[in-house]
Amino acid sequence: MRIDRRAASFGLLFLVGALTGSPANAQEIDFTGEWRPIYHEDGPERIPGPDLGDYAGIPINDAARLRADSYSPERIIAVTENGCRQHSADYSMRGLANLRIMRELDPVTQQAVAFHSRIGFHTMDRTIYLDGRPHPGPQAPHTWQGFSTAQWKGNQLEITTTHLKENYHRRNGIPSGPNRTFTERWVRHGDVLTVVTIVDDPEMLTERFVRSQSWMLDPGQRTFANPCEYGGESTYEPGTVPSYLPGANPFINEFADRWGLPRSGARGGAATMYPEFRLNMEKPSATPEKCTLYCTCMNNGAVCPDGP
Amino acid sequence: MNKNRHPSFLALSLLLTAMLAVPAMAGAPAPRDRMKVPNVVPALDPNEVAVLPVRDNLYMLTTAAGNIAVHFGVSGVMIVDSGDGTLTPKVLAAIRGLTDRPIAYIVNTSAEAEHIGGNAELARAGSPPGLPDSDPQIAHVVAHEGASIRMQKPSPDQKAIDSTGWPFVTYFVDTLELYFGGTPVQLVHVPAARTDGDSLVVFRRPDVVVTGDIFSPDRYPVIRPERGGSLKGTIDAVNRLLDLTVPEDLQEGGTLVIPGHGRLCDEGEVVEYRDMLTVIRSRISDLIAQGKTLEQVLAARPTLDYDGIYGSTQGPWTTTQFVTAVYRELAKP
C-alpha cells in the first residue's frame, strides 16, 4: 500500500485543527461530578447559621437594614407558607451545599448546551443554558433559582442570572430584592471548584456584593432529594407575621457584644467591606478573654475542643 | 491504496472539522426545570399588548394599564378585566390571535377604571354565552354587585363607561360559580378590600387565580375608603388568596397568580405582599398609639424598607397617598 505522505499530513493537520482549534471546544471545562462543599470561608455563617444583627461586610442600604432589624425568627414558624422555601440561587451555595453538576450535550455537535446542578437541601435544581438563548421578558415569573445563561471566558464559565424571587442575602433577615441579578464565575482547579458570586441588588444594596465558595470533587458523595410540602399548621393565628417595631429589636447588638466587635461594624453597609473601615471604627465594646464558639472548627464537622 | 483515495481522507478531515466547529444547535434537548419559564417574552411596550401563555388555554395579556386574563374553550372566550380602554383594538387583536371563538364573558375584578375601560367595546365584539342568535349580540359582563353599582353610579373622580359595559350578571353572596371552557370558574368576593366590589377569580382546572388589584408585586394597594375599601379588608383578601393558592412543592409553582399589574406570580410573591402589608399596619398602628400626627408618621417613613419594591413618588398612587390612607383608617376611634 502506498500513501502520499504530503496529502496525509495535510489531512491530519485538518483533523488536529478540528480537535484543538474550535474555540468553543477549546475553552469548555467539564464541571460534571459530585462536589463536597468546603467551609473554610464564612463557616459560622454557613453551617450553624448567622447571628441576628450580623450585617458585617454586606453593602446593605437603609431599607435592607430596617427590614433586617424588623425580622423575627418566629416568622419561620408562624409564616408556614415559607416552611419549604428554597434558598435562591445567589444564596444556595452558602449553606449545606452538597452539589451535583451534570452537563447536557448537543447530540450532534457534542458541545455543552447546558449545565444542570442540584444542591441537596430543598432540592435546589437549576439549569444554566449555554445555547445563547435570551432571558425572558419582565412579565415572566420569578423563581428561587432564576433564569441563568452562561458563556465561556477563557477557561471560566461566566453565568448571568435574572428572574429571582425575593429572598435573603444572609439568612438572619437581610432581604434580597426581586429585581436583583447576579453574575457567577465558575473556576475549576483540578479537583477543586470555586464559584465567585457577584450580586447587583438595586433595592437592597448600595454596591455589588461579592462572595466566593469552594468544593472538592467527591465521587462517592450521594446528593439526596429533599422534597418538602408545608403542613400549614402552627400555634399562631392565621395571618400572623411576627416582626419587631423599628428600634425595638432587643437582639440587634447581641452579636457585636458577644464577639467584642464595634457595633457600627456589625450594622453593615458598604464601608464595612473594606479594610479601611478599621482605621476609623470605634473601640470594640469588650474583648472576650477566650473564644468559646466557632473557634477553629468549622471545617467539615471536625470536633471542636472549645465548644460547638 | 492509490492517490485517488487521498481526497476522501481530506474530505473526512474537513467533515470532522465542520462537525466540531459548528455552534450549539438551537434544537437542544428540553431543560428539566421544575417551573416552566417561557424562553422569550417580549419586553413591555406601553403602547402594545404582550401575550404570555400561562397554562392550558389561559393567557395573560399585559398592558401598561394592567393585566387581562383570557381563557377560551369550544364555547367561547372568557376574559377577566378589560384594561383602561386605550388599547382595546390591540387587546381584541391579541385575543383573535389566540382563538376565533366569540367573547362570551367579561368578568370584572372591581369597578376600577383601568380594569373596566374596555368592557363596552369588547362586549360588543362578542355574543351572549350559548345564545349566538340573541339580540343584542353582546358578551355578558359579570361582577360583584358592589362593582356593578359603582359602574352605574360612578363617583365624581371615576370615569363613566358606556352602559353596554355594565354587568349583566351580578352576585351578592360569597361566591359565584360558573363552568366555562372546560373548567369551573369561581368568583370569590372579598368584602371591603380595596373597594366594596372586589372579586378574586379562580380557574380551577388550570389552577390560576386572577386577583385584580387586590395583589400586584410592584406597587402598594390603592385603597379607596370612599368606595368602601380598607386596609383591613385588603389584608383579609390577601390572606383569602393565600388560602386559595397551593404551591407545587418547595413553595414554588402550583397555583399561578395573575396580578392586577406586573409579572405572573405564584404564592411566593403573595406571601411577601401579605407580610409587607401586615408589618406596615403594625408600624403605623404603633406610631398612632404614640400619638404621632400624620405628618410625623410620614416623616418616620414606616414603609422605607418596602418602598424600593412597592413604592412610588409619582403617578396616580404614591407612597405618601398609601401611608395617608392607612393612617386615616387606623387612626379612626
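The values are calculated or read from the model by the stated rules, or taken from the named source; none is laboratory data. The structure displayed is predicted, hence computed values, not measured ones. Neighbour counts run over all protein chains shown; Cβ positions are idealised from the backbone, glycine included. Note: areas computed on protein heavy atoms with side chains; ligands, DNA, RNA excluded. Shrake-Rupley method; radii C 1.70, N 1.55, O 1.52, S 1.80 Å.
Checking every residue in region B:266-284 against the condition of being polar (S, T, N, Q), open to solvent by 10 Å² or more (accessible area, probe 1.4 Å) and either at the interface with another protein chain (Cβ under 10 Å from one of its Cβ atoms) or in a loop (DSSP other than H, G, I, E, B) (or both) gives at least one match. Restricted to strands (runs of 3 or more DSSP E) entirely inside region A:134-215, those with at least 2 residues that are hydrophobic (A, V, I, L, M, F, W, C) are A:147-153, A:156-162, A:181-189, A:192-200. A search for C-beta distances below 7 Å between a residue of region B:128-142 that is under 16 Å from B:G165 (Cβ atoms) and at pLDDT 75 or above and any residue that is of a type in the set (K, R) and open to solvent by 70 Å² or more (accessible area, probe 1.4 Å), counting only pairs 6+ apart in sequence or on different chains, returns B:I138/B:R124.
Table: residues versus (1) touching a residue at least 12 places away in the same chain (Cβ under 8 Å); (2) within 30 Å of B:D236 (Cβ to Cβ); (3) under 19 Å from the mean Cα position of the chain (by Cα).
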site	(1), (2), (3)
A:Q139	no, yes, no
A:T143	yes, yes, yes
A:G177	yes, yes, yes
A:T181	yes, no, yes
A:E184	yes, no, yes
A:D200	yes, no, yes
A:S214	yes, no, yes
A:G232	yes, yes, no
A:Y244	yes, yes, no
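One residue is enough: does region A:267-282 have a residue meeting the conditions among the acidic types (D, E) and in contact with a Ser or Thr (Cβ under 7 Å, 6 or more places away or on another chain)? Checking region A:267-282: at least one residue is among the acidic types (D, E) and in contact with a Ser or Thr (Cβ under 7 Å, 6 or more places away or on another chain).
When the residues of region A:110-122 are narrowed to those that are within 11 Å of chain B (Cβ to nearest Cβ), over 15 Å from A:A150 (Cβ atoms) and of a type outside the set (K, R), which ends up most open to solvent (accessible area, probe 1.4 Å)? Here the residue is A:Q110.
Looking across region A:92-103, the residues that are open to solvent by less than 20 Å² (accessible area, probe 1.4 Å) and in contact with a strand residue (DSSP E or B) (Cβ under 7 Å, 6 or more places away or on another chain) come down to A:S92, A:M93, A:R94, A:A97, A:L99, A:I101. Taken across region B:290-297, residues that are without any contact (Cβ under 8 Å) to a residue 60 or more places away in the chain and buried (at least 18 other Cβ atoms within 10 Å of the Cβ) do occur, with at least one present. The single residue among A:G232, A:G247, A:G269 that is open to solvent by less than 80 Å² (accessible area, probe 1.4 Å) and either polar (S, T, N, Q) or at pLDDT 85 or above (or both) turns out to be A:G269. State yes or no: is B:D305 farther than 24 Å from B:D81 by Cα and not basic (K, R)? Spelling it out, B:D305 is indeed farther than 24 Å from B:D81 by Cα and not basic (K, R). You will find that of A:P107, A:P59, A:P138, the residue that is within 14 Å of another protein chain (Cβ to nearest Cβ) and either open to solvent by less than 10 Å² (accessible area, probe 1.4 Å) or modelled with pLDDT under 95 (or both) is A:P138 and no other. Every condition in (1) outside any loop (DSSP other than H, G, I, E, B); (2) open to solvent by less than 10 Å² (accessible area, probe 1.4 Å); (3) more than 30 Å from A:F121 (Cβ to Cβ) holds for B:S216 except the one numbered (1). Residues in region A:62-85 that are open to solvent by 30 Å² or more (accessible area, probe 1.4 Å) and in a loop (DSSP other than H, G, I, E, B) were compared, and the one that is nearest to the other protein chains (Cβ to nearest Cβ) is A:R85. All conditions but one from (1) closer than 30 Å to A:M102 by Cα; (2) modelled with pLDDT of 95 or more apply to A:P202; the one that does not is (1). Taking region B:233-253 on its own, how many of its residues are more than 8 Å from every other protein chain (Cβ to nearest Cβ), in a loop (DSSP other than H, G, I, E, B) and open to solvent by 10 Å² or more (accessible area, probe 1.4 Å)? Qualifying residue count, region B:233-253: 2.
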